[in-house]
Amino acid sequence: MVSHVSYVDLIVDHIGQLCVIPAYQGGPQRGERFGDLGVINDAAVAVRSGRIVAAGRHDLIRGEYAALNVIDAENRLVTPGLVDAHTHLIWSGDRASEFELRLMGATYQEIAAAGGGINRTVRETRAASLADLFEGAEARLNVALRHGTTTLECKTGYGLNQETEIAMLSAIALLDSEHPVDVVPTFLGAHDIPPEYADNPDAYVDLLVDHILPAVAVWKSKHWDKPLYCDAFCEQGVFTVAQTRRIFEKALLCGLRLRLHADEFVSLGGVRLAVEMNAASVDHLLVTTPEDARLLGASNTAAVLLPATPFGLGIANTAPAKLLYESGAIIALGSDCNPGTAWCENMQMSLALACRSLKLTPAQALAAATINSAFALDRGDLVGSLEPGKRADLVIWDVPDYRHLAYRFGTNLAHTVIKDGQVVYPPTT
Ligand code: NIG
Ligand code: FE
């Protein structure tokens, strides 16, 4: 009877509802395919060497596979681990006082112009030791993990000089190697104009292009063999489209892939630049024009939407998600976790907000936060779905049905998080 079974390391059994969230023809879900969760009821998943071997109906999986280690999901929902496509997880200090000032009427831009904002965090980050920076980011990464995130993008951008930017890259690479969550690094030296260049922003662009980007390329050649990204904050009062183009041209020469902060407050044309330069993603898009949304829809540049940011700022702007969807854009989700606009490590919050403010369906929001975020990070062949061969990164949720992930909010719905086939939450020791 058991002679034909294959032995695996782990079976997650008695899954009430399994969402496989398949890639579409080897790529992200877009257009009418967006939100295809590949639901299987009464399911099980077989795992060997940290990878998915099979996912399917319980009776089929149990007829074909056996394992010493069986986790009983007790009829709960199981999905791929969440993929957070945009964070600024590493920083020092906080900006609670700015939150209060905004509630008293000041705007994000006014606070920044008065020396607060990103440059306040830059001062605190430059003054921190590498160990303190690492520990702060590690603590936040632990929070993300216990809320179901298993892959997360993390930007530099609070150093804005060669020394601290490279130190941040090193801390991010260390987090990736030491922590169960896969951390994807992005160099964001163009996050703001540092105070020492306030009177001459072009000289800071020169510094980035002539010195810091080449140093990042050297760092990458020694310490990072996967894609490394270059991002910029293309925004009124920060970097112009022309400055961003100079930075991006050098970044491509240095072997980096591109992503861009665009249209968070003012639409300058960053979307067109990102599409033209084949960026992996363009992020925020709160004030994107219909024309630019259609351009994105016809491109392979993902639209990373960050609904926690306007919520965190208490502003009403929302990305044109419906038009992006109708135009066929690759819609992905990120938390934007950062100390200024959105200190929230929990991607469940982004799912809840994506449905309410962006009007995504629960299925679309979940596909955006898994398979499409994985493709936005060039990891769609490895994570984001529970297809055979992919990393066994999955979450057992304490709910019966995927809609609950967005329907309910404000409490942690994750029951068990499995990364590379190992239970990483709750801690087993
Ligand atoms: O994505 N927009 C630029 N960067 C962040 C804010 C960072 C900060 O305020 O510290 C964002 O919202
Ligand atoms: Fe951001």
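The values are calculated or read from the model by the stated rules, or taken from the named source; none is laboratory data. Values in this document were obtained by computation on a predicted structure and should not be read as measured data. Here Cβ is always computed from backbone atoms with ideal geometry, including for glycine, and neighbour counts include all displayed protein chains. Side chains are part of the model used for accessible areas, which takes the heavy atoms of the whole protein and leaves out ligands, DNA and RNA. Shrake-Rupley method; radii C 1.70, N 1.55, O 1.52, S 1.80 Å.
Can you find, among VAL122, PRO227, ALA112, the residue farthest towards the positive end of the dipole of the chain? Put +1 on the C-beta of Lys and Arg, -1 on that of Asp and Glu.
Farthest towards the positive end: PRO227.
Expressed as a whole percentage, what fraction of the accessible surface of segment 243-361 belongs to carbon and sulfur atoms when a 1.4 Å probe is rolled over the protein heavy atoms? Show your work: numbers first, answer last.
Details: 2170 of 3920 Å².
Roughly 55 percent, rounded to a whole number.
For the chain, what is the mean residue ellipticity at 222 nm derived from helices alone (per DSSP H run of n ≥ 4: -39500 (n - 2.57); sum divided by total residues; nearest 500 deg cm²/dmol)? Please list the in-between numbers first.
Numbers: 17 runs with 147 residues, N = 429.
Taken over the chain, the calculation gives -9500 deg cm²/dmol.
First check a/c for segment 46-164, with a ≥ b ≥ c the square roots of the eigenvalues of its C-alpha gyration tensor; if it is under 1.5, answer rounded, and if not, answer prolate when a/b is larger than b/c or oblate otherwise. Before the final figure, lay out the partial values.
Numbers: a/c = 3.89, a/b = 2.53, b/c = 1.53.
It comes out prolate by the Cα gyration axes.
Which translational diffusion coefficient, to the nearest whole µm²/s, is obtained for segment 252-351 from the Stokes-Einstein equation, given a Kirkwood hydrodynamic radius over C-alpha pairs, 25 °C and 0.890 mPa s?
Details: Rh = 13.6 Å.
Here the translational diffusion coefficient equals 180 µm²/s.
Would you check the accessible area of TYR7, probe 1.4 Å, heavy atoms only, in square angstrom rounded to 10?
150
Could you sort SER177, SER299, SER129 by accessible area so the largest value comes first, with the probe set to 1.4 Å?
I get SER177, SER129, SER299, largest accessible area first.
Going toward the positive end of the dipole of the chain, with +1 on Lys and Arg Cβ and -1 on Asp and Glu Cβ, which of GLN422, THR79, ALA262 do you reach last?
THR79
What dipole magnitude, in Debye to the nearest 20, does segment 238-364 give about its Cα centre under +1 on Lys/Arg Cβ and -1 on Asp/Glu Cβ? It would help to have the intermediate numbers written out before the result.
Values: 10 positive and 10 negative charges, 27 e Å.
Dipole magnitude for segment 238-364 comes out near 120 debye.
Just how much of PHE409 is accessible, in Å², when a 1.4 Å probe is used and the result is rounded to the nearest 10?
For PHE409, solvent-accessible area is about 140 Å².
Find the accessible area per residue for the chain; the probe is 1.4 Å, ligands and nucleic acids are left out, and the unit is Å². Mind showing how you got there, number by number?
Details: 16480 Å² over 429 residues.
With the other protein chains kept in place, the chain gives 38 Å² per residue.
With charges only on Cβ, +1 for K and R and -1 for D and E, what is the dipole size of segment 67-193 about its Cα centre, in debye, rounded to 20? Provide the component values of the computation, followed by the final result.
Working: 9 positive and 18 negative charges, 52 e Å.
Using Cβ point charges on Lys, Arg, Asp and Glu, segment 67-193 gives about 260 debye.
Taking the Cα centre of the chain as the origin, how large is its charge dipole in debye, to the nearest 20, when only Lys and Arg (+1) and Asp and Glu (-1) carry charge on their Cβ atoms? Walk me through the intermediate numbers first.
Values: 34 positive and 50 negative charges, 143 e Å.
The calculated dipole for the chain is roughly 680 debye.
How charged is the neighbourhood of ASP42? Take every other residue with its Cβ under 9 Å from the Cβ of ASP42, and add Lys/Arg as +1 and Asp/Glu as -1. Walk me through the numbers on the way to the answer.
On the way: positive: ARG57; negative: ASP59.
Result for the neighbourhood of ASP42: 0.
Mind telling me which of ALA114, ALA128, ALA369 comes out most flexible in a GNM of the chain, alpha-carbon contacts under 10 Å?
ALA114
Report the Rg/Rh value for segment 144-198, based on alpha-carbon coordinates and the Kirkwood definition of Rh. Spell out each step's value before the answer.
Values: Rg = 13.0 Å, Rh = 12.0 Å.
Rounded to two decimals, Rg over Rh is 1.08.
How high is the FRET efficiency between THR107 and GLU74 when r is their beta carbon distance and R₀ equals 41 Å, given to the nearest 0.05? Before the final figure, lay out each step's value.
Details: r = 49 Å, r/R0 = 1.19.
So, using R0 = 41 Å, E works out to roughly 0.25.
How much length would be gained if the chain were fully extended between GLN236 and ARG408, taking 0.36 nm per residue of separation minus their Cα-Cα distance, in nm to one decimal?
58.3 nm
How big is segment 141-232 in terms of Cα radius of gyration and Dmax, in angstroms?
For segment 141-232, the Cα radius of gyration and maximum Cα-Cα distance read 14.2, 44 Å.
If I stretch the segment between ALA203 and SER49 completely, what's the gain in nm (0.36 nm per residue apart, minus their alpha carbon distance), one decimal?
50.4 nm
How tilted is helix 347-356 with respect to the longest principal axis of the chain? Cα atoms for both, answer in degrees (0 to 90, nearest 10).
On a 0 to 90 degree scale, this one is about 80.
Can you tally the net charge around ASP94? Count Lys and Arg as +1, Asp and Glu as -1, for every other residue whose Cβ sits under 10 Å from the Cβ of ASP94.
Working: positive: ARG95, ARG120; negative: GLU98, GLU124.
So the environment of ASP94 carries a net charge of 0.
Which residue, ALA112, ALA96, ALA279, tops the fluctuation ranking in a GNM of the chain built on C-alpha contacts under 10 Å?
ALA96
Measure nothing fancy, just the Cα-based angle from helix 241-253's long axis to the longest principal axis of the chain, in degrees from 0 to 90, nearest 10.
The helix 241-253 is inclined about 60 degrees to the chain.
Going Cα to Cα from LYS322, which lysines come in below 24 Å? Please leave out same-chain ones fewer than 8 positions away.
LYS359
Under 10 Å from the Cβ of LYS419, count the other residues' Cβ atoms, weight Lys and Arg +1, Asp and Glu -1, and hand me the total. Display every interim value, and only then the final one.
Numbers: positive: ARG391; negative: ASP182, ASP393, ASP420.
Result for the neighbourhood of LYS419: -2.
If you average the C-alpha positions of segment 136-160 and of segment 1-60 separately, how far apart do those two centres end up, in angstrom?
Cα centroid of segment 136-160 versus Cα centroid of segment 1-60: 27 Å apart.
Compute the long axis of helix 118-127 from its Cα atoms, compare it with the longest principal axis of the Cα atoms of the chain, and write down the angle in degrees, 0 to 90, nearest 10.
80
Between THR289 and THR429, what is the label-to-label distance in nm when each label sits 7 Å out along the Cα-to-Cβ direction?
5.8
Taking 7 Å along the Cα-to-C-beta vector as the label spot, tell me the SER6-ASP210 distance in nanometres, rounded to one decimal.
Going from the SER6 label point to the ASP210 one covers 5.8 nm.
In terms of Cα to Cα distance under 25 Å, which lysines are near enough to LYS419, apart from those fewer than 8 places away along the same chain?
Once the sequence-local lysines are set aside, what remains near LYS419 is LYS155, LYS226, LYS390.
Take the Cα pairs of the chain, get the Kirkwood Rh, then feed it into Stokes-Einstein at 37 °C and 0.692 mPa s and tell me D in µm²/s.
Approximately 151 µm²/s, per Stokes-Einstein.
What is the pair-distance distribution P(r) of segment 181-309, computed from all Cα-Cα distances in 10 Å bins starting at 0, with each bin given as a whole percent?
13, 44, 33, 10, 0
According to a simple spin-label model (label point 7 Å from Cα along Cα-to-Cβ), what is the distance in nm between LEU382 and ASP42?
My value for the distance between the label points is 3.7 nm.
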